[in-house]
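K.L.:
The structure is given below, and queries will be raised subsequently.
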Amino acid sequence: MKIKQLSFICSLAIASTSGYASSQASDIDFNFGGSIKTIMLHDTDIAGAGINIPGNSLLGKSTSSDTKIDASLSQFKLGASQTFNDGTSIGSQVVLDFNANNDGGMSPRLREAYLTWSSEKGQLLVGQTWSTFMDMRNIPQSLAEATLSGAVFKRQPLIRWSQEFGSFKYDVALESSTNDDIQNPFEEKLDTTGAIPDLALGGEWVHENAWFRATALFNQLRLTYQDKEHKKSGYGVQLSGGWDFTDKDRITFLAYRGEGTDRYLLGLNSTGPTWNANTQTIDLREAESVMVSYARQWQPSLKSVFAYGKVSTEALDWQDVLRHDTFTSTQYAMANLLWTVKPNLTLGAEYNYSQYERSQADERDNHRIMLGVEWKY
């Protein structure tokens with residue numbers, strides 16, 4: 001997004017209100033909000049990494065230590081809604097931050113931009129937002145963004161229909177797809193421009209103190225090689241849930257298994273569908289992941305979150321034979337202490353550990369310490 005466009009959007013937002021209060025223009029309600037988030041961070045064994053640091057970001061980076069200050073996850077939020085006489089309503093949301101390049105610079109990025117139409121029958125959502133395949137409730141609260149290995153973490157354009165029946169809810173969605181993650185180790189001339197949307201399905205049960213969600217994703221990988229089209233079907237399934245077993249304690253979990261849907265997972269790099277020039281096929285690797293978290297509310301203004309995630313995948317047989325070096329597993333752990341000093345003002349300290357292993361090269365890891373402040377408005 002160009003800076004000129006961002007300035008125009010921000011001007012409109014500031015002119016509307018301050019403090020995320022609603023104002024009435026005709027019969028449409030507008031709102032504006034966001035956050036200012038500034039973090040000082042120290043990495044022990046990597047230099048040049050951004051504020052988001054899944055295990056795969058260690059690859060190819062300097063092994064020096066690094067200390068810096070980052071404000072790129074600060075956000076602007078704009079919204080509008082309208083209710084009609086028949087009881088239906090339309091809502092919209094636009095969310096921007098400045099972490100497009102994940103390099104510490106202030107690079108404007110469109111995170112979300114979507115429209116919802118709601119009626120007593122259900123809700124239709126169109127635009128860019130979090131994937132139907134993921135469970136946002138299982139992404140633990142972090143001082144920055146919790147880039148836990150193995151968690152499904154994806155924003156992209158989609159069309160989704162959702163409907164609730166008491167404690168049950170289902171989602172059906174078509175989500176924007178790409179073949180750009182097809183690996184090409186033989187450096188053949190491949191045309192990967194043709195794509196069809198992924199199909200995402202979700203179902204969940206929600207209780208007063210717990211929830212359980214099951215999701216599935218189906219995609220088709222396509223490429224053209226020497227005027228011949230090649231296709232391969234991939235899939236992913238995820239089970240997730242959480243339980244507030246006291247009014248101060250929450251645990252969550254998720255488990256994933258799939259082939260050809262690696263781009264949805266944090267922590268994997270160069271492990272997706274791979275072109276095999278010898279057999280002229282698209283080969284897929286199985287991947288599995290788990291993630292658990294525990295949140296504790298020590299006092300009304302004091303909270304801690306502990307989380308761990310790991311994802312692993314086996315190298316293809318021919319990669320082993322050719323001694324082709326590739327990712328095999330990554331893991332990530334975090335622990336923090338968050339203090340709400342004033343309403344909407346939070347101070348925090350957090351420790352992160354990230355690590356990866358490869359089929360041939362030595363493994364690497366990193367320890368990160370963060371101190372930060374966030375004000376939501």
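K.L.:
Mind checking whether some residue in the range 318-335 is among the hydrophobic types (A, V, I, L, M, F, W, C) and open to solvent by 50 Å² or more (accessible area, probe 1.4 Å)? Quick ask: steps written out before the conclusion?
P.N.:
Going through the range 318-335, the residues among the hydrophobic types (A, V, I, L, M, F, W, C) turn out to be 318, 321-322, 327, 333-335.
Filter once more, so that each one left must be open to solvent by 50 Å² or more (accessible area, probe 1.4 Å): 321-322.
Yes; the residues of the range 318-335 include at least one that is among the hydrophobic types (A, V, I, L, M, F, W, C) and open to solvent by 50 Å² or more (accessible area, probe 1.4 Å).
K.L.:
Would you mind stating whether T63 is under 29 Å from V290 (Cβ atoms) and either among the acidic types (D, E) or open to solvent by 30 Å² or more (accessible area, probe 1.4 Å) (or both)?
P.N.:
On the way: under 29 Å from V290 (Cβ atoms): yes; either among the acidic types (D, E) or open to solvent by 30 Å² or more (accessible area, probe 1.4 Å) (or both): yes.
Judged against the criteria, T63 is a match.
K.L.:
Oh, and also: State yes or no: is R213 surrounded by 14 or more Cβ atoms within 10 Å (Cβ to Cβ), touching a residue at least 60 places away in the same chain (Cβ under 8 Å) and either of a type in the set (D, E, K, R) or not in a strand (DSSP E or B) (or both)? Before the answer, list the steps.
P.N.:
Working: surrounded by 14 or more Cβ atoms within 10 Å (Cβ to Cβ): yes; touching a residue at least 60 places away in the same chain (Cβ under 8 Å): yes; either of a type in the set (D, E, K, R) or not in a strand (DSSP E or B) (or both): yes.
Here the answer is yes, as R213 does meet what is asked.
K.L.:
Residue check: is D103 charged (D, E, K, R) and surrounded by 17 or more Cβ atoms within 10 Å (Cβ to Cβ)? Don't jump to the end; show me each part of the working.
P.N.:
Details: charged (D, E, K, R): yes; surrounded by 17 or more Cβ atoms within 10 Å (Cβ to Cβ): no.
Judged against the criteria, D103 is not a match.
K.L.:
For the range 32-61, give me the residue count where each residue is small (G, A, S) and under 17 Å from Y353 (Cα atoms).
P.N.:
In the first step, residues of the range 32-61 are kept if they are small (G, A, S); the result is 33-35, 47-50, 55, 57, 60.
Okay, now just the ones that are also under 17 Å from Y353 (Cα atoms), so 47-50, 55, 57.
Within the range 32-61, residues that are small (G, A, S) and under 17 Å from Y353 (Cα atoms) number 6.
K.L.:
Quick check on my filter: what residues within the range 177-210 are assigned to a loop (DSSP other than H, G, I, E, B) and farther than 20 Å from T224 by Cβ? Explain how you work it out, then say what you get.
P.N.:
Going residue by residue through the range 177-210, those that are assigned to a loop (DSSP other than H, G, I, E, B) are 177-182, 184-190, 192-197, 207-209.
Of everything in the range 177-210, those that are assigned to a loop (DSSP other than H, G, I, E, B) and farther than 20 Å from T224 by Cβ turn out to be H207, E208, N209.
K.L.:
Is one or more of the residues making up the range 110-120 farther than 18 Å from G203 by Cα, open to solvent by less than 50 Å² (accessible area, probe 1.4 Å) and in contact (Cβ under 8 Å) with a residue 40 or more places away in the chain? Steps first, please.
P.N.:
First, the residues of the range 110-120 that are farther than 18 Å from G203 by Cα: 110-120.
Filter once more, so that each one left must be open to solvent by less than 50 Å² (accessible area, probe 1.4 Å): 111-113, 116, 118-119.
Still in the list and also in contact (Cβ under 8 Å) with a residue 40 or more places away in the chain: 111-112.
For the range 110-120, residues farther than 18 Å from G203 by Cα, open to solvent by less than 50 Å² (accessible area, probe 1.4 Å) and in contact (Cβ under 8 Å) with a residue 40 or more places away in the chain: present.
K.L.:
Mind listing whichever residues of the range 358-376 are surrounded by 15 or more Cβ atoms within 10 Å (Cβ to Cβ) and either among the hydrophobic types (A, V, I, L, M, F, W, C) or without any contact (Cβ under 8 Å) to a residue 40 or more places away in the chain (or both)? Before the answer, list the steps.
P.N.:
Keep residues of the range 358-376 that are surrounded by 15 or more Cβ atoms within 10 Å (Cβ to Cβ), which gives 358-359, 364-368, 370-376.
Answer for the range 358-376, where residues must be surrounded by 15 or more Cβ atoms within 10 Å (Cβ to Cβ) and either among the hydrophobic types (A, V, I, L, M, F, W, C) or without any contact (Cβ under 8 Å) to a residue 40 or more places away in the chain (or both): R358, M370, L371, V373, W375.
K.L.:
Being assigned to a loop (DSSP other than H, G, I, E, B), open to solvent by 10 Å² or more (accessible area, probe 1.4 Å) and modelled with pLDDT of 95 or more is the requirement here; does D86 meet it? Even if it seems obvious, please write down each step before you answer.
P.N.:
Numbers: assigned to a loop (DSSP other than H, G, I, E, B): yes; open to solvent by 10 Å² or more (accessible area, probe 1.4 Å): yes; modelled with pLDDT of 95 or more: no.
It is false that D86 is assigned to a loop (DSSP other than H, G, I, E, B), open to solvent by 10 Å² or more (accessible area, probe 1.4 Å) and modelled with pLDDT of 95 or more.
K.L.:
Suppose we keep only residues that are in contact (Cβ under 8 Å) with a residue 24 or more places away in the chain and either open to solvent by 60 Å² or more (accessible area, probe 1.4 Å) or touching a helix residue (DSSP H, G or I) at 6+ places or on another chain (Cβ under 6 Å) (or both) within the range 177-187. Which one would you say is nearest to T261 (Cα to Cα)? Step through it out loud before you land on a result.
P.N.:
Keep residues of the range 177-187 that are in contact (Cβ under 8 Å) with a residue 24 or more places away in the chain, which gives 177-179, 181-186.
Filter once more, so that each one left must be either open to solvent by 60 Å² or more (accessible area, probe 1.4 Å) or touching a helix residue (DSSP H, G or I) at 6+ places or on another chain (Cβ under 6 Å) (or both): 181, 186.
Values: D181: 10, F186: 21 Å.
Residue satisfying both the conditions and the ranking: D181.
K.L.:
May I ask you to list the residues in the range 225-259 that are surrounded by fewer than 15 Cβ atoms within 10 Å (Cβ to Cβ), among the polar types (S, T, N, Q) and in a strand (DSSP E or B)?
P.N.:
Across the range 225-259, the qualifying residue is only S233.
K.L.:
Among what's in the range 344-357 and is farther than 19 Å from T271 by Cα and of a type in the set (G, A, S), pick the residue that is surrounded by the fewest Cβ atoms within 10 Å (Cβ to Cβ). Explain how you work it out, then say what you get.
P.N.:
Just the residues of the range 344-357 that are farther than 19 Å from T271 by Cα, to begin with: 344-353.
Narrowing the set further to residues that are of a type in the set (G, A, S) leaves 348-349.
Values: G348: 22, A349: 14.
Within the range 344-357, the match that is surrounded by the fewest Cβ atoms within 10 Å (Cβ to Cβ) is A349.
K.L.:
Still on this structure, please answer the following. Considering the range 198-208 alone, what residues qualify as being surrounded by fewer than 18 Cβ atoms within 10 Å (Cβ to Cβ) and over 17 Å from L124 (Cα atoms)?
P.N.:
Passing the criteria: W205, V206, H207, E208.
The values are calculated or read from the model by the stated rules, or taken from the named source; none is laboratory data. Computed from a predicted structure; not experimentally measured. As a convention, Cβ positions derive from the backbone with ideal geometry for all residues, glycine included, and neighbour counts pool all protein chains shown. Ligands, DNA and RNA are excluded from the accessible area calculation, which covers all protein heavy atoms including side chains. Shrake-Rupley method; radii C 1.70, N 1.55, O 1.52, S 1.80 Å.
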